[in-house]
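J.: Here it is, the structure, as structure tokens.
The values are calculated or read from the model by the stated rules, or taken from the named source; none is laboratory data. Computed from a predicted model, the values in this text were never measured in an experiment. Cβ placement follows ideal geometry from the backbone for every residue including glycine, while neighbour counts extend to all protein chains displayed.
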Amino acid sequence: METANEELDNLWKTALAEIELEVSRANFATWFQNTLILDKEDGVIIVGVPNGFTKEWLSTKYNKFIIKVLRKISPEVKSVDYVISSQPSALLKKNKKREAEDVAAASKESQMEITEIYIDPEANLNPRYTFDNFIVGSFNELAYSAGIAITKNLGTAYNPLFVYGGVGLGKTHLLQAIGNEVKKNNREAKVQYITSEKFTLDFVNSVQNNTPNIFKEKYRKYDLLIVDDIQFFSRKEKTQEEFFHVFNAIYGKNKQIIFSSDRPPKQIEGLEERLRSRFESGMIVDINQPEFESRLAILKAKSELKGITLEMEILEYIASAISENIRELEGALNSIIGQIKMMGKVLTLNDVKEILKKNAKPKKIVSVNQLIKFVCDFYSIEERHLFEKTRRKDVVIPRQIAMYLLREDFNSSYPFIGQKFGGKDHTTVIHAYEKISLLLKSEGKIRDEVEQIRKIIYDSV
Ligand code: ADP
Ligand code: MG
């Protein structure tokens, strides 16, 4: 005979197995691990959860779903209550194997980070971006659902899909996850991920090399074409014209197209009307800044994926201190995890505050012109030299550092930076950014200088 406790354990175990199939690995690890059924009375199930946050999330976001799953197993279930329980979860023990798997997955992930991993050269997809590690909250729910719908009905669900939102909010992650999922379901599917900048470059090259037909054919054969950061088509009339034809060809064959942009189509300046109307002809969804709960969820899931458990107090502190975007959340978390690994000890809340303070980047309170002035003052050069065509070494490096800082700390776009520096091409800016990124790794002198400049900028605000 099963005891009542075993019966409850089994009921929850079966339910979790079902739930695990339906939610992403990250969401499962965040919300369902360390939960258990404490009691069942008159059809009311009492689920024990580790903290108030999980309680709120499960009861607002997952309640209906959980009831549905439980009813399938045990039809007399009427409702579910969630209570915070410090009782060591029986499932904890049974989850040891899972934990081991998670640790293995986490170490695989950190390995991937180091080698900057294998990118599918044909589709240009980065396997790091999947739905499995994509956290869904109210800030990105709509975009996520549209993405999932597309993977199930390529070319017919929402076509084109246009996703817009600020920097670091997960547009590229979502778009690539769609591509990876489509590839996973059908190896034969012809998928292509490309940034609008790369498309432009390809097009310009095809004109220069007099190979327009190769270009035309290449882009017309895809089942799924993903174009990221479409705002950079702005004012590029020839590229827009070419892309218009590519769009029509693909769309005409009922193949899927997905765009992202940092703003809605209406707000992209210098965009041909006929292209704008194409962008607007399907589904438009936005990704917002994640609210506190979602930031917390992201931090929790990401630290667990890395095999590190941080105290709730610490997670809450990071989530309240960093609200801008997910990339910054990740950056903060990585520096904290880095410290933990280096020191080999548990960090206190104060340690964490110190780390975050040190890593804080100057906010936009400093204007672009001020930043340029700081850099010039630092190197004792005149500002006008930075905008001239000179390739003198004492000017080139400061110019590249200014470009680097504008991109890295201020999230300015490459074309914007190019304009700022006397109408330079965005590829020059990309080159500068990459060069300084490299030098920062190899040259102590440059690293010190950039640090000092950052300190000057930071102290000025
Ligand atoms: P964008 O393209 O909007 O600038 P990215 O897709 O590059 O933003 O996201 C920035 C970082 O944040 C990436 O490392 C990405 O994996 C991570 N990220 C963004 N959204 C999510 C999410 N919903 N869940 C998990 N990680 C995310
Ligand atoms: Mg992006």
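J.: Among the residues of segment 285-300 satisfying the criterion of being within 16 Å of ligand 2 (Cβ to nearest atom) and surrounded by 17 or more Cβ atoms within 10 Å (Cβ to Cβ), which is nearest to Thr54 (Cα to Cα)?
T.: Residue satisfying both the conditions and the ranking: Pro290.
J.: Could you tell me which numbered condition Lys190 fails, if it satisfies all but one of (1) modelled with pLDDT under 95; (2) among the charged types (D, E, K, R); (3) assigned by TED's automatic domain parsing to the domain that holds Glu242?
T.: Every listed condition holds for Lys190 apart from (1).
J.: On to the next question. Taking segment 272-297, which residues are over 22 Å from Met312 (Cβ atoms) and free of Cβ contacts under 8 Å to residues at least 60 places away in the same chain?
T.: Glu272, Glu273, Arg274, Leu275, Arg276, Ser277
J.: Of everything in segment 127-156, what is more than 16 Å from ligand 2 (Cβ to nearest atom), of a type in the set (A, V, I, L, M) and in contact (Cβ under 8 Å) with a residue 60 or more places away in the chain? Give them in sequence order.
T.: Selection gives Ile135, Val136, Leu142, Ala146, Ile150, Leu154.
J.: If you don't mind, there's one more thing I want to ask. What pairs come out if I take residues in segment 408-432 that are in contact (Cβ under 8 Å) with a residue 12 or more places away in the chain and among the basic types (Lys, Arg) and pair them with residues that are crowded, with 18+ Cβ neighbours inside 10 Å and not in a helix (DSSP H, G or I) whose C-beta lies under 9 Å away, six or more apart or interchain?
T.: Lys420/Ser412
J.: On to the next question. Within the set of pairs 6 or more residues apart or between chains, which connect a residue that is within 15 Å of Thr172 (Cβ to Cβ) inside segment 225-245 to a residue that is basic (Lys, Arg) and not in a helix (DSSP H, G or I) with Cβ atoms less than 6 Å apart?
T.: none
J.: Within the group Lys183, Lys171, which residue is within 19 Å of Tyr144 (Cβ to Cβ), within 12 Å of ligand 2 (Cβ to nearest atom) and of a type in the set (D, E, K, R)?
T.: Matching residue, one of Lys183, Lys171: Lys171.
J.: So, Val191, is that one out of contact with any Asp or Glu (no Cβ under 6 Å at 6 or more places or on another chain) and within 18 Å of Met283 (Cα to Cα) or not?
T.: Criteria not met by Val191.
J.: Residues that are of a type outside the set (Ser, Thr, Tyr) and over 23 Å from Pro265 (Cα atoms): list the helices (runs of 4 or more DSSP H) wholly contained in segment 119-234 that include at least 2 such residues.
T.: Of the helices (runs of 4 or more DSSP H) lying wholly inside segment 119-234, those with at least 2 residues that are of a type outside the set (Ser, Thr, Tyr) and over 23 Å from Pro265 (Cα atoms) span 171-185, 196-208, 212-220.
J.: Now, a different point. Every residue in segment 260-294 that is of a type in the set (Lys, Arg) and either outside the structural domain of Val167 (by TED's automatic domain parsing) or assigned to a loop (DSSP other than H, G, I, E, B) (or both), please.
T.: Answer for segment 260-294, where residues must be of a type in the set (Lys, Arg) and either outside the structural domain of Val167 (by TED's automatic domain parsing) or assigned to a loop (DSSP other than H, G, I, E, B) (or both): just Arg263.
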